[in-house]
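K.L.:
Below are the C-alpha cells for one structure; questions will follow.
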Amino acid sequence: MATPEYTVVIGLEVHVQLRTESKLFCGCSTAFRPDDPNTQTCPVCLGLPGSLPVMNRKAFDLSVQTALALNCEIARYTRWDRKQYYYPDLPKAYQISQYDLPFSSKGWLEIAADDPAEPPRRIRITRAHLEEDAGKNVHDESGRGADSRVDLNRTGTPLLEIVSEPDLRTASEARRYLEDLRSLLLFIGVSDCNMQEGSLRCDANVNLHVHNADGTRTATPIVELKNMNSFRNVELAVEYETRRQWKQWLKTGQKIGEVPKQTRGWDADRNETFGQREKEESSDYRYFPDPDLLPVTTTVEQIEEIRRSLPETPAVRRERFRSVLGLTDYDTNVLLSQGPALTAWFEKVSQLCGDGKLAANWVTQDILRDLNADGVTIEEFAVTAEILGTLLKCIQTERITTKSAREVYAALRSDAAEEKAIAPADVDRLITERKLEIVRDTGAMDTAIAAALASKPEAASDFRAGKQNAIGPLIGMIMKQVGGADPKQVRERLIATIMAGA
Amino acid sequence: MIVRQSAGNQEMYSSMNRPLTSELIAQLQSGETTSRQLVENSLRRISELNGVLNAFVSIDADGALARADEIDQRRQAGKPVGRLAGLPVAVKDNMCTIGLPTSCGSRMLKDFRAPYDAHVIQRIVAEDGVLIGKLNQDEFAMGSSTETSIYGPTRNPWNADYTAGGSSGGSAVAVASGMVPLALGSDTGGSIRQPASFCGVVGMKPTYGRVSRYGLVAFASSLDQIGPLAGDAWGATLLLECISGHDKRDSTSLNVERPDWMSQLDSSLKGLRIGIADEYFVEGLDAEVEQSVRAAIRVFEAAGAEVVPVSLPHSKYAVATYYLVACSEASSNLARYDGIHYGHRAEKFSDLVDLYSQSRGEGFGTEVKRRIMLGTYALSAGYYDAYYLKALKVRRRIREDFDKAFASVDVIAGPVSPTAAFRLGEKLDDPLAMYLNDIYTISTNLAGLPGISIPCGLTKARLPIGLQLQAPALEEARLLRFAHQYQQATQWHREQP
C-alpha cells in the first residue's frame with residue numbers, strides 16, 4: 001500500500017440544548033413550539049431594558065454532569081462573558097457565554113477505530129462551556145420578499161458547546177464521534193439531541209497535513225464547515241472537503257495562515273460545500289465579563305455529588321453487557337444504537353427472564369422487527385417488557401419451547417392488534433389454553449404412545465421395514481394427546497417403543 | 001391621564017414652602033392632612049413650576065389621586081398603611097413603570113412602555129408611596145447637568161440659569177422645589193449626590209447591591225445603584241429602608257439583612273473618626289466650597305468626632321478608570337437598542353446593517369454616542385488589555401485605598417463637587433470639564449461604597465454647596481447618622497430657594 005499523501009485533521013464543535021424545564025437565565029419554558037412564536041418569553045429573555053439575568057443552577061449542574069461524563073475537569077471558579085454581535089435573533093445584541101474561563105476542559109470521548117482490529121481512539125475534548133441560545137429568524141421562503149420575523153421562544157435555552165481537539169482523522173471517525181456523543185447525551189438524559197428541532201448542531205473544522213518528501217508535514221488552511229443537519233451530512237461534507245482541499249493544495253500550494261479562515265456551508269442537494277461570506281475573521285466579539293452575573297464557584301463536594309448522580313454512560317453499559325450479560329458486541333451495539341428507552345426495556349426483560357442472551361436475541365430480532373413493522377416506539381409497543389420477560393422466563397425454565405413461546409407471542413400480538421388489553425398473566429393463560437407446557441410426565445406420554453400404536457399398528461411395522469416417515473402421523477396423534485410435549489422427546493420415545501416391541 | 005410637560009412658562013414662581021417628610025407623615029397621622037391633599041399640592045406645585053424647572057417628564061395625576069384616595073380610605077378605616085403613608089413620590093425616568101413611559105431621556109425610548117414595574121416601584125407601592133410621575137435626566141443617565149435629555153434641560157430652582165446637576169437632575173429639583181417630598185435617582189458616578197448638592201437636598205448612593213437594579217435601565221451595571229433624595233436625612237433614611245433588601249431577580253443584589261437605620265439616627269458621634277483626604281482638597285476646588293466643607297467638618301468635631309487625615313493615593317486615576325469601565329459596560333448595555341425589537345426605528349434603511357446604524361444614529365444623542373464609541377474601543381481586540389483590563393486593575397487599587405483608609409476612620413468627608421452649580425450650557429461642549437465635575441463622587445461607585453450628599457452651605461450667589469460622606473460597604477447607618485446629627489446641629493437643610 002502506498003504511503004498516504006496527506007493526513008486529514010478534523011475537529012468538531014457540537015452545540016447541544018440541555019433538557020431543562022426553564023431557560024438558563026429566566027423562568028421561561030424551553031419547550032419546542034415553533035407554531036406559537038414568542039409565547040415563551042419574559043422581559044429577561046426578550047432583553048427588555050432594566051431586565052437582569054439570574055443563573056439557573058439546575059442547568060449549570062446538568063452541564064457539569066455532561067462534562068463529567070465526557071471525562072472533563074470541572075473548574076472550581078467560572079464566569080459568564082458577553083459575546084457581542086448584532087443580529088435580529090439576539091435581542092440583547094450580546095450572548096451570555098463563557099470565554100476564557102469555561103466551566104470544564106480537558107476531557108475525552110473514546111470511539112471505535114475505523115479498523116475494528118485497532119484499539120479504540122480517544123478523542124480529546126478541549127472544553128465544554130455553557131451559553132444561552134439565540135432566537136430564530138424566520139424568513140419569507142415564498143420568494144416574494146415579505147418581512148422576516150423573529151421568534152424568541154428559543155432565546156435563552158441552555159446550550160452546551162463541546163469543542164473537540166483536532167484528533168479525528170477520517171470522515172467516518174467524525175461521524176462515529178457524533179454518534180457516540182449523541183448516544184452518551186441520550187443515555188445520561190441531558191438532551192433529546194433532536195437535530196431536526198435544532199437541539200443538536202455541529203460545525204467541523206477541517207484541513208490537511210500534507211506529507212512532504214523530506215518527512216515534514218505542511219498544514220493547509222483550516223475551513224469551518226456549517227449547515228450540516230445530519231451525521232451523514234457531516235461525513236459527506238468532510239469527505240467532499242478533503243478531496244476539495246487536496247485539489248486546492250495541488251493547485252495553489254496555500255498553507256495555513258496564508259489566507260483567512262474560510263467558512264463553507266454544506267449543500268446537501270448538490271453534495272458539495274460552498275463558500276460563505278467571510279465575515280468571521282473580521283468580527284470582534286468584544287468579550288468581557290458580564291457585570292450582571294456573579295462568577296460561579298463549585299466545590300469538590302458538589303462535583304462529587306453530581307458525579308454520584310451521573311447515570312451509567314454507554315461505555316460502562318457496553319462493558320457490563322459484555323461481561324455480566326455475556327452479550328456479543330454486535331447485540332450490544334444494536335441495543336445501544338436504539339437509545340436509552342429500548343435499552344432500558346431490554347434490561348427489564350433480561351432481568352425478568354434471567355437470561356441476557358435470550359432477551360437480547362428476542363429484542364434485537366423479534367421486537368425490533370415488529371416495532372419497525374408497526375412503526376411505533378418501544379413506549380407505544382403493546383407487548384410490555386413485563387409480558388415479554390414473563391414469556392421468556394418460561395423458555396428459560398424450560399416450561400415451554402421456543403416454538404411455543406413464538407406461538408404465545410404471536411397470539412398476544414394479535415390480541416393487541418384487536419385492541420384487547422394484554423398483561424403478563426395472559427402468558428400463563430395462553431400456555432394452558434393451548435396446552436403448550438412441556439410434558440415431562442413419561443407415563444402420560446407412554447400411555448399416549450401405546451394408544452397411538454394400538455390404533456395404527458401398521459405404522460410400527462412400516463417403520464421397522466424402513467419407512468422413516470411412517471411414524472409422522474403417530475407423533476401428531478401423541479402430540480395432540482399430550483399438548484406441550486417436546487416433539488423431539490416424543491419421537492425418540494416412540495422409536496424406542498417400536499424398536500423394543502420388535 | 002398623562003401630561004407631558006414642556007418648558008414655556010417663564011413666570012417666576014412663588015417662594016418655596018417645602019415641608020420635610022417627617023412633618024408630612026405627622027400631619028397625615030394626626031389627620032391634619034390627607035394623602036389626597038398632599039398629592040393635589042404636589043400636582044399644583046408641578047403645574048406652577050414645571051414649565052420653568054422641567055423636572056417631570058410624565059405625570060400620572062389620575063392614577064396618583066386614585067391611589068391617594070384608596071390609602072386615605074384605608075387609614076380612615078383604621079387599617080394598616082405602609083411606611084410611605086400615602087406620600088407623593090417620583091422616580092427618575094430610567095426606572096421601569098407599567099403605567100408611564102420609561103424614556104431614559106432618550107429619543108431611542110421616547111415611546112417605550114415597560115411591561116413590568118421595577119423592583120423599587122413595587123417596593124414603593126407596597127409601602128403605600130404614591131407615584132406621581134417620572135423625572136428628567138441626562139440621556140441614559142450619561143451626564144452631570146441634565147441637559148442632554150430629549151425633553152430639554154432641567155433648571156436649578158435656586159437660579160433657573162444654572163444646571164440642576166445630573167444625571168438625576170429631575171429628582172433633585174422635584175424635591176428641592178417642593179414638588180414631591182421624596183424621589184428616587186440612580187447614581188453611577190455621582191448622579192444622585194452631585195444634583196442633590198447643586199439643589200440643596202440630601203441624596204444618597206447606597207452600597208452596590210443594597211437596592212435591586214431589577215427594572216433600572218442599565219447604564220453601567222457594575223456601578224449603577226438606585227438611591228433616595230429627600231429634604232433631610234430622616235426622609236432619605238425612610239425611603240432607603242423601603243427600597244433596600246435582597247431581590248433574587250438581581251444576581252448582584254446583596255443577600256444581607258437590612259439593619260434598622262432609623263433607630264440609629266440619634267446616636268451620638270462621640271468618639272467616631274472622620275477621615276479627611278488631602279486628595280479631596282486640591283487645585284480646582286472652589287474656595288467657597290472648601291470653606292463650607294471645612295466648616296461642616298468642624299461641626300462634627302464639635303459633636304465629638306475626631307478628625308484623622310487619610311490618604312487615597314489612587315483617586316487621581318478615578319476619572320480615567322471610571323470612564324473606561326462605565327463606557328465599556330454602557331457600550332454593551334446599550335447595544336440592545338437596535339431598532340429591531342422595540343424603541344426607535346429609522347424610517348428609511350437599505351438593509352439590516354443600515355437599519356441598525358440609522359436607528360441608532362437617530363435614536364441616540366451626542367454624549368451617548370461618544371460613550372458608546374469610547375467603550376466599544378476600550379473592549380476591542382488589541383485594546384482590551386490596555387484599557388478595560390487596566391481600568392479593572394486600577395479600580396481594585398482604588399478599592400484598596402478605601403480599605404486602608406477605613407481601617408483607621410469611620411467615614412471620609414469631603415466636597416461632593418469641586419464647584420457649586422454651573423451655568424446651563426457652560427460645559428455642554430467641553431466633555432472633559434463635565435467629566436471632571438464628578439471627580440469626588442466616582443471613586444465611591446468604583447469601590448462599591450455608600451456615599452451621601454448633604455447641604456452644608458450656600459455660595460455668595462445663593463447656590464447650595466454639598467458635603468459628601470463616604471463609608472465602608474454596608475455601613476449606610478454611619479452616613480445617615482452623621483447626616484442626621486449634622487442636621488440637628490445646623491439649618492442648611494432648611495434653606496429654600
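K.L.:
Pick out the one residue from B:ALA183, B:ALA218 that is out of contact with any His (no Cβ under 7 Å at 6 or more places or on another chain) and either at pLDDT below 95 or not in a loop (DSSP other than H, G, I, E, B) (or both). Break it down into steps so the answer makes sense when it comes.
P.N.:
On the way: B:ALA218 fails: either at pLDDT below 95 or not in a loop (DSSP other than H, G, I, E, B) (or both).
After ruling out the rest, the residue left standing is B:ALA183.
K.L.:
Would you be able to tell me the number of residues in region B:201-215 that are in contact with an Asp or Glu (Cβ under 6 Å, 6 or more places away or on another chain) and either facing another protein chain (nearest Cβ under 7 Å) or more than 23 Å from B:SER417 (Cβ to Cβ) (or both)?
P.N.:
Residues that pass the stated criteria total 3.
K.L.:
Collect the residues in region B:263-287 that are surrounded by 14 or more Cβ atoms within 10 Å (Cβ to Cβ), modelled with pLDDT of 95 or more and either in contact with a Leu (Cβ under 7 Å, 6 or more places away or on another chain) or among the hydroxyl-bearing types (Ser, Thr, Tyr) (or both), keeping them in residue-number order.
P.N.:
Of everything in region B:263-287, those that are surrounded by 14 or more Cβ atoms within 10 Å (Cβ to Cβ), modelled with pLDDT of 95 or more and either in contact with a Leu (Cβ under 7 Å, 6 or more places away or on another chain) or among the hydroxyl-bearing types (Ser, Thr, Tyr) (or both) turn out to be B:LEU265, B:ALA277.
K.L.:
Turning to a different aspect of this structure: Quick one: which residue in A:PRO291, A:PRO260 is within 14 Å of chain B (Cβ to nearest Cβ) and in contact with a helix residue (DSSP H, G or I) (Cβ under 9 Å, 6 or more places away or on another chain)? It would help to see each step written out before you state the result.
P.N.:
Details: A:PRO260 fails: within 14 Å of chain B (Cβ to nearest Cβ).
Exactly one residue qualifies, and that residue is A:PRO291.
K.L.:
I've got another one for you. Please state which one of A:ALA213, A:ALA219, A:ALA268 is of a type in the set (A, V, I, L, M, F, W, C), without any contact (Cβ under 8 Å) to a residue 12 or more places away in the chain, surrounded by fewer than 19 Cβ atoms within 10 Å (Cβ to Cβ) and assigned by TED's automatic domain parsing to the domain that holds A:LEU18.
P.N.:
Working: A:ALA219 fails: without any contact (Cβ under 8 Å) to a residue 12 or more places away in the chain; A:ALA268 fails: without any contact (Cβ under 8 Å) to a residue 12 or more places away in the chain.
Going through A:ALA213, A:ALA219, A:ALA268 in turn, just one is of a type in the set (A, V, I, L, M, F, W, C), without any contact (Cβ under 8 Å) to a residue 12 or more places away in the chain, surrounded by fewer than 19 Cβ atoms within 10 Å (Cβ to Cβ) and assigned by TED's automatic domain parsing to the domain that holds A:LEU18: A:ALA213.
K.L.:
When B:VAL211 is evaluated against the numbered criteria (1) in contact with a strand residue (DSSP E or B) (Cβ under 7 Å, 6 or more places away or on another chain); (2) surrounded by fewer than 24 Cβ atoms within 10 Å (Cβ to Cβ), which criterion, by number, is the only one it fails?
P.N.:
Exception for B:VAL211: condition (2).
K.L.:
Being charged (D, E, K, R), modelled with pLDDT under 85 and surrounded by 12 or more Cβ atoms within 10 Å (Cβ to Cβ) narrows it down to one residue among A:ARG464, A:ARG413, A:ARG434; which is it?
P.N.:
Working: A:ARG413 fails: modelled with pLDDT under 85; A:ARG434 fails: modelled with pLDDT under 85.
Every option except A:ARG464 fails the conditions.
K.L.:
Another question about this same structure. Take region A:21-73 and flag every residue that is among the polar types (S, T, N, Q), within 14 Å of chain B (Cβ to nearest Cβ) and more than 24 Å from A:GLU197 (Cβ to Cβ).
P.N.:
Of everything in region A:21-73, just one residue is among the polar types (S, T, N, Q), within 14 Å of chain B (Cβ to nearest Cβ) and more than 24 Å from A:GLU197 (Cβ to Cβ), namely A:SER51.
K.L.:
Here is a list of conditions, (1) in a loop (DSSP other than H, G, I, E, B); (2) open to solvent by less than 20 Å² (accessible area, probe 1.4 Å); (3) away from every other protein chain (no Cβ under 14 Å), and B:GLY339 meets all of them except one; can you say which number that is?
P.N.:
In the conditions (1) in a loop (DSSP other than H, G, I, E, B); (2) open to solvent by less than 20 Å² (accessible area, probe 1.4 Å); (3) away from every other protein chain (no Cβ under 14 Å), B:GLY339 misses (3) alone.
K.L.:
Tell me the strands (runs of 3 or more DSSP E) entirely within region B:55-142 that contain at least 1 residues that are of a type in the set (D, E, K, R) and either open to solvent by less than 10 Å² (accessible area, probe 1.4 Å) or within 13 Å of another protein chain (Cβ to nearest Cβ) (or both). Walk me through it before giving the result.
P.N.:
Values: elements: B:56-59, B:88-92, B:130-135.
The qualifying strands (runs of 3 or more DSSP E) are B:88-92, B:130-135.
K.L.:
Any residue at all in region B:470-490 that is of a type in the set (S, T, N, Q) and without any contact (Cβ under 8 Å) to a residue 24 or more places away in the chain? Please lay out each step first, then the result.
P.N.:
Here is the first cut: in region B:470-490, the residues of a type in the set (S, T, N, Q) are B:470, B:485, B:487-488, B:490.
Pick out the ones that are also without any contact (Cβ under 8 Å) to a residue 24 or more places away in the chain and you get B:488.
Yes, that holds for at least one residue.
K.L.:
Moving to a separate point now. Please enumerate the residues belonging to region A:286-300 that are of a type in the set (A, V, I, L, M, F, W, C) and crowded, with 20+ Cβ neighbours inside 10 Å. Quick ask: steps written out before the conclusion?
P.N.:
Step one: filter region A:286-300 for residues of a type in the set (A, V, I, L, M, F, W, C), giving A:288, A:293-294, A:296, A:300.
A:PHE288, A:LEU293 - these are the residues of region A:286-300 that are of a type in the set (A, V, I, L, M, F, W, C) and crowded, with 20+ Cβ neighbours inside 10 Å.
K.L.:
B:ASP161 versus (1) part of a strand (DSSP E or B); (2) within 14 Å of another protein chain (Cβ to nearest Cβ); (3) surrounded by fewer than 24 Cβ atoms within 10 Å (Cβ to Cβ): which is the lone unmet condition?
P.N.:
It fails just one condition, (2).
K.L.:
What number of residues in region A:150-204 are surrounded by fewer than 23 Cβ atoms within 10 Å (Cβ to Cβ) and aromatic (Phe, Trp, Tyr)?
P.N.:
Within region A:150-204, residues that are surrounded by fewer than 23 Cβ atoms within 10 Å (Cβ to Cβ) and aromatic (Phe, Trp, Tyr) number 1.
K.L.:
Return the residue satisfying two criteria in turn: it lies in region A:380-410 and is of a type in the set (A, V, I, L, M) and within 15 Å of A:GLY354 (Cα to Cα), and of such residues it is surrounded by the fewest Cβ atoms within 10 Å (Cβ to Cβ). Full working, then the answer.
P.N.:
Within region A:380-410, the subset of a type in the set (A, V, I, L, M) is A:382-383, A:385, A:387-388, A:391-392, A:395, A:400, A:405, A:408, A:410.
Subsequent filtering for residues that are within 15 Å of A:GLY354 (Cα to Cα) retains A:385, A:387-388, A:391-392, A:395.
Values: A:ALA385: 23, A:ILE387: 23, A:LEU388: 27, A:LEU391: 28, A:LEU392: 25, A:ILE395: 20.
This residue is A:ILE395.
K.L.:
Checking the conditions here, which among A:ASP426, A:ASP355 is within 25 Å of the chain's Cα centre (by Cα), of a type outside the set (Val, Ile, Thr) and crowded, with 16+ Cβ neighbours inside 10 Å? Let's see the steps before the verdict.
P.N.:
Working: A:ASP426 fails: within 25 Å of the chain's Cα centre (by Cα).
Step by step, each of A:ASP426, A:ASP355 is checked, and only A:ASP355 is within 25 Å of the chain's Cα centre (by Cα), of a type outside the set (Val, Ile, Thr) and crowded, with 16+ Cβ neighbours inside 10 Å.
K.L.:
Are any residues in region A:53-63 within 12 Å of A:GLY27 (Cα to Cα) and open to solvent by less than 20 Å² (accessible area, probe 1.4 Å), and if so, which ones? Talk me through it step by step, then tell me what you get.
P.N.:
So in region A:53-63, the residues within 12 Å of A:GLY27 (Cα to Cα) come out as A:53-59.
Selection gives A:PRO53, A:ALA59.
K.L.:
Give A:ASP114, A:ASP147 a once-over and let me know the one that is farther than 23 Å from A:ALA93 by Cα, open to solvent by 30 Å² or more (accessible area, probe 1.4 Å) and charged (D, E, K, R). Full working, then the answer.
P.N.:
Values: A:ASP147 fails: farther than 23 Å from A:ALA93 by Cα.
Unique residue meeting the criteria: A:ASP114.
K.L.:
State whether the residues of region A:273-283 include one that is among the small types (Gly, Ala, Ser), outside any loop (DSSP other than H, G, I, E, B) and closer than 30 Å to B:SER221 by Cβ.
P.N.:
Initially, region A:273-283 is screened for residues among the small types (Gly, Ala, Ser), giving A:275, A:282-283.
Pick out the ones that are also outside any loop (DSSP other than H, G, I, E, B) and you get A:275, A:282.
Add one more test, that the residue is closer than 30 Å to B:SER221 by Cβ, and what stays is A:282.
Within region A:273-283, one or more residues are among the small types (Gly, Ala, Ser), outside any loop (DSSP other than H, G, I, E, B) and closer than 30 Å to B:SER221 by Cβ.
K.L.:
Could you please let me know if B:ALA346 is more than 14 Å from chain A (Cβ to nearest Cβ), in contact (Cβ under 8 Å) with a residue 12 or more places away in the chain, open to solvent by less than 40 Å² (accessible area, probe 1.4 Å) and within 25 Å of A:TYR86 (Cβ to Cβ)?
P.N.:
Considered against the rule, which asks whether it is more than 14 Å from chain A (Cβ to nearest Cβ), in contact (Cβ under 8 Å) with a residue 12 or more places away in the chain, open to solvent by less than 40 Å² (accessible area, probe 1.4 Å) and within 25 Å of A:TYR86 (Cβ to Cβ), B:ALA346 comes out as yes.
K.L.:
Another one. Out of B:ILE412, B:ILE439, B:ILE454, I need the residue that is at negative phi, within 19 Å of the chain's Cα centre (by Cα) and part of a strand (DSSP E or B). Which one?
P.N.:
B:ILE454
K.L.:
Out of curiosity, is B:ARG294 among the basic types (Lys, Arg) and within 25 Å of A:TYR285 (Cβ to Cβ)? Outline the logic, then answer.
P.N.:
Working: among the basic types (Lys, Arg): yes; within 25 Å of A:TYR285 (Cβ to Cβ): no.
When the stated conditions are applied, B:ARG294 does not pass them.
K.L.:
Which one is farthest from A:ARG149 (Cα to Cα) among residues in region A:17-36 that are surrounded by 21 or more Cβ atoms within 10 Å (Cβ to Cβ) and in contact with a helix residue (DSSP H, G or I) (Cβ under 6 Å, 6 or more places away or on another chain)?
P.N.:
Within region A:17-36, the first condition is being surrounded by 21 or more Cβ atoms within 10 Å (Cβ to Cβ), and the residues that meet it are A:17-18, A:23-26, A:28, A:30.
Narrowing the set further to residues that are in contact with a helix residue (DSSP H, G or I) (Cβ under 6 Å, 6 or more places away or on another chain) leaves A:18, A:24.
Values: A:LEU18: 25, A:LEU24: 23 Å.
Checked region A:17-36; the qualifying residue farthest from A:ARG149 (Cα to Cα) is A:LEU18.
K.L.:
Check every one of the strands (runs of 3 or more DSSP E) wholly within region A:43-159 and list those with 2 or more residues that are in the same structural domain as A:PHE288 (by TED's automatic domain parsing) and hydrophobic (A, V, I, L, M, F, W, C). Walk me through it before giving the result.
P.N.:
On the way: elements: A:81-84, A:94-97, A:104-111, A:121-132, A:136-138, A:149-151.
Output list reads A:104-111, A:121-132.
K.L.:
Another question, then. Within the group A:SER183, A:SER172, which residue is among the polar types (S, T, N, Q), in contact (Cβ under 8 Å) with a residue 60 or more places away in the chain, assigned by TED's automatic domain parsing to the domain that holds A:LEU70 and farther than 18 Å from A:VAL9 by Cα?
P.N.:
Details: A:SER172 fails: farther than 18 Å from A:VAL9 by Cα.
Just a single option satisfies the conditions, and that option is A:SER183.
K.L.:
Here is a further query. Could you check, for region A:487-496, whether at least one of its residues is outside the structural domain of A:SER414 (by TED's automatic domain parsing), of a type outside the set (A, V, I, L, M, F, W, C), out of contact with any His (no Cβ under 6 Å at 6 or more places or on another chain) and open to solvent by less than 70 Å² (accessible area, probe 1.4 Å)?
P.N.:
yes
K.L.:
Being in contact with a helix residue (DSSP H, G or I) (Cβ under 9 Å, 6 or more places away or on another chain) and closer than 23 Å to A:GLU132 by Cα narrows it down to one of A:LEU178, A:LEU208, so name that one.
P.N.:
Numbers: A:LEU208 fails: closer than 23 Å to A:GLU132 by Cα.
One residue alone meets the criteria, A:LEU178.
The values are calculated or read from the model by the stated rules, or taken from the named source; none is laboratory data. Just so it is clear, the model here is predicted, and its values are computed rather than measured. Cβ atoms come from the backbone with ideal geometry, glycine included; neighbour counts cover every protein chain shown. The protein model used for the area step is the full one, side chains on, heavy atoms only, and it has no ligands, DNA or RNA in it. Shrake-Rupley method; radii C 1.70, N 1.55, O 1.52, S 1.80 Å.
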